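Notes follow the structure.
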Amino acid sequence: MSRVLLIFLIVPMVLFAYVDSDMDGVEDKDDLCPNTLITDLVDLKGCTIKSLISPHHFTLLAGTSYAEDDNVSYLFSTLELDYYYKKISMKLSSSYYNVDDEATLSSNSDGLNDTTLNFFYRFDPLENLSLSVGTAVYIPTYDSSSNKTDYAVSIDGRYHIDKLSLSTGVGYKIVGDTNASNILFYHLSTGYSFNNNLYSSLSYSVSESIYDEVDNFETLSLYNYYSINKNWFGTLSLTKGISSESLDNTIGVKVGYYW
């Protein structure tokens with residue numbers, strides 16, 4: 001009995017003497033690199049060998065948007081997959097449209113829009129300034145005999161001061177469609193981070209038409225991003241057409257999952 005009691009007395013003392021504050025498996029008295037992240041793989045001295053957090057990240061988004069223009073309504077269902085690796089990102093997106101013309105029911109139609117594949121590279125020339133150069137390929141999944149593959153290049157800049165950000169960007173699209181012209185597009189926007197969960201921005205966008213006789217498309221958009229937790233998030237966008245060629249009003253919602 002005395003031996004059993006001795007064991008029960010000694011074991012707590014041994015456990016109490018062992019202290020590993022950052023829980024990396026190396027006792028504090030031998031740890032040359034204290035406060036390492038719990039996701040780090042460390043050596044016998046407690047210093048980081050490798051981070052177990054992957055630099056590869058993905059985002060999957062699904063959403064819908066509704067637009068009206070005179071007596072015509074549009075419903076779009078979208079699906080998007082994003083990939084991030086350090087300063088490189090890629091985006092694959094597509095949407096399905098449904099057009100309802102109240103004046104001419106026979107003109108109702110639905111189908112796929114073009115599928116878009118984007119590539120971006122971001123660099124930071126200044127502490128508060130980031131630039132992103134991008135290329136895009138528009139795969140002709142829209143059902144039209146004249147629809148061909150399109151290409152685009154763009155550059156975007158973002159400058160942030162505390163919670164306020166200012167953004168601008170310009171791009172050029174090479175249109176492969178029959179009897180269509182290449183187009184220039186650009187945008188100006190300002191955004192504000194209210195807290196770690198909510199971000200809003202107001203943008204003015206202009207895009208030329210692929211047809212010379214059609215005026216530019218001009219829109220004013222309010223975009224809202226809300227982070228639900230570390231994985232789930234949602235977006236809400238409201239767009240007002242301010243040129244005769246743009247859709248009058250559009251509202252869109254998306255739900256995304258980040259991992």
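The values are calculated or read from the model by the stated rules, or taken from the named source; none is laboratory data. This structure is a prediction, so every number in the text was calculated from the model and none was measured. Glycine also receives a Cβ, built like all others from the backbone with ideal geometry; neighbour counts cover every protein chain displayed.
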Please work out if Ser132 is crowded, with 16+ Cβ neighbours inside 10 Å and on the phi < 0 side of the Ramachandran plot.
yes
Looking only at residues in the range 67-101 that are part of a loop (DSSP other than H, G, I, E, B) and farther than 24 Å from Ile242 by Cβ, which one is modelled with the lowest pLDDT?
Lys86
